[in-house]
1. Looking at the structure I just gave you, is residue 114 among the small types (Gly, Ala, Ser), at pLDDT 95 or above and in a strand (DSSP E or B)?
2. State which residue is nearest to residue 89 (Cα to Cα) when the search covers only segment 119-134 and only residues that are among the β-branched types (Val, Ile, Thr) and in contact with a strand residue (DSSP E or B) (Cβ under 9 Å, 6 or more places away or on another chain).
3. Going through 171, 162 one at a time, which residue ends up being without any contact (Cβ under 8 Å) to a residue 24 or more places away in the chain and small (Gly, Ala, Ser)?
4. What's the total number of residues in segment 142-199 that are under 21 Å from residue 40 (Cα atoms) and either hydrophobic (A, V, I, L, M, F, W, C) or exposed (fewer than 15 other Cβ atoms within 10 Å of the Cβ) (or both)?
5. Quick one: count up the residues across segment 73-87 that are of a type outside the set (Ser, Thr, Tyr) and under 18 Å from residue 200 (Cβ atoms).
6. Just to be sure before I move on: is residue 101 touching a Leu at 6+ places or on another chain (Cβ under 7 Å) and at pLDDT below 95 in the structure I sent?
7. Pull up segment 80-103, narrow it to residues that are part of a loop (DSSP other than H, G, I, E, B) and not charged (D, E, K, R), then point me to the one that is surrounded by the most Cβ atoms within 10 Å (Cβ to Cβ).
8. What pairs come out if I take residues in segment 69-83 that are in contact (Cβ under 8 Å) with a residue 24 or more places away in the chain and within 20 Å of residue 39 (Cα to Cα) and pair them with residues that are assigned to a strand (DSSP E or B) and among the acidic types (Asp, Glu) whose C-beta lies under 6 Å away, six or more apart or interchain?
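The values are calculated or read from the model by the stated rules, or taken from the named source; none is laboratory data. Fair warning: this is a prediction, and the values are worked out from it, not measured in the lab. Please note: Cβ atoms are built from the backbone with ideal geometry, for glycine as well, and neighbour counts cover all protein chains shown.
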Amino acid sequence: MSKHFKKIKMNVTKKLLTLGLALGSMFTANAQELGSTLIRGGVNYNHLFGTYGDADNDGSYITGSMVGFNAGVTQEIVLSSDIMLETGLLYTSKGKKDDSKGEGYEYSDETNLSYIELPIDFKYKVTGSLPLILTAGPYVAYGVDGKSKETATVTALGVNSSVEKDIEWGSSEGEYNQWDYGFNFGIGVDLNPIELTLRYGLGLSDLENNSEDEDGLTKKYYNRGVSLNIAYKLN
């Protein structure tokens, strides 16, 4: 993938996100009524999607996954009889966990990232015998906490070590970008007053700054993952 194409892709992504936020604000201003207020919570199963490359070589890979959670409050805004906008604030944990094991050794590398996330989801209620819901929309998230942990065990040497440190947010090399953004897609069922949703989060913001491997290849990491969410309607 050429650098020119990557630049175009990044610009298009940012424009799509800006458009989604603008449309959400416009529909909110023109909405006729508020829908339900929902208390949400669920389980995340996240990983990082990585890319690497230079002018002559590129590729991609997926890290191991880790279990996290999400919780928060959202508000529905009625746009029509079967379309709604839902937005609010969620506390959500993302990251990855890589494990390797061989004869006489074990190694684990874990990264936990916590965010306050603002989703803007368009919800479409499918008419029919099943009360299905389709959701899609952009999100913006701000990193509030993070930790990395490496654990190694070498049985033959009797070594068992663990190193844990806080994630440093910022724009310098080796620090994590505090802002994350992307799109959420989901399918669910409305069992009023309970709502169940299976969602996929497509992160589009590079998490690390100026990251290179030992061969000088530029590396980028993006949040990706699925979540199973349950919501209770307060009204």
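1. The answer is yes for residue 114.
2. Filtering segment 119-134 for residues that are among the β-branched types (Val, Ile, Thr) and in contact with a strand residue (DSSP E or B) (Cβ under 9 Å, 6 or more places away or on another chain), the one nearest to residue 89 (Cα to Cα) comes out as 120.
3. Going through 171, 162 in turn, the sole match is 162.
4. Keep residues of segment 142-199 that are under 21 Å from residue 40 (Cα atoms), which gives 142-145, 180-199.
In the following step, the residues that additionally are either hydrophobic (A, V, I, L, M, F, W, C) or exposed (fewer than 15 other Cβ atoms within 10 Å of the Cβ) (or both) were identified as 142, 144-145, 183, 185, 187, 189, 191-194, 196, 198.
The number of residues fulfilling the criteria is 13.
5. 1
6. Numbers: touching a Leu at 6+ places or on another chain (Cβ under 7 Å): no; at pLDDT below 95: yes.
Considered against the rule, which asks whether it is touching a Leu at 6+ places or on another chain (Cβ under 7 Å) and at pLDDT below 95, residue 101 comes out as no.
7. Taking segment 80-103 and keeping what is part of a loop (DSSP other than H, G, I, E, B), we get 80-82, 103.
With not charged (D, E, K, R) added as a condition, the list becomes 80-81.
On the way: 80: 10, 81: 8.
The qualifying residue surrounded by the most Cβ atoms within 10 Å (Cβ to Cβ) is 80.
8. Sorted first by the residue in segment 69-83, then by its partner, the pairs are 74/86; 76/86; 78/33.
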